[in-house]
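Down below is the structure, laid out as structure tokens.
Just so it is clear, none of the values below were taken in a lab; they were calculated from the coordinates. None of these values were measured; they are calculated from a predicted model. So basically every Cβ, Gly included, is an ideal-geometry build from the backbone, and we count neighbours across all protein chains shown.
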């Protein structure tokens, strides 16, 4: 189910490279990834997954952009650690853009339920670890994915559980019209 988002917010969103997201989405499709916090085991898993797919996305003309709640230097450290050097990102420490994209705080079950524990154990076996520190972002924030094209949002994936692992290929397969 898609939630209705006022796309005028895209004009306010500017990356670390001074890219306006509305203009960027008019040039090429953008995969906009809202992270929970850099200490989140599932966000680390997502960074790892997206690093593996980055070249494939770029070859298809898709721009990867992250939104996070940390300072840019903290974000750069994590992006570099996960082989996402030079990636575009938007710092949103007050979660203004998260709210605009209808990403809410997670309930106890969404954040700590049985499904999350099971998936957390699997992610830990892949080598991802949990870190808790305020400067890494809000640990109660839920993540999401949005496809931006021509200043519009034709597709979105709002996590129902913090532990949801999107199928990025399926998300983009039928929805990207490369110009």
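In table form, for the structure just shown:
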read-out: Distance in nm between pseudo-label sites at residue 49 and residue 23 (7 Å out along the Cβ direction from Cα); value: 3.2
read-out: The stretch 1-105, relative contact order in percent, only Cα pairs under 8 angstrom and at least six apart counted; value: 31
read-out: Estimated FRET transfer efficiency (residue 71, residue 150; beta-carbon r; R0 25 Å; 0.05); value: 0.20
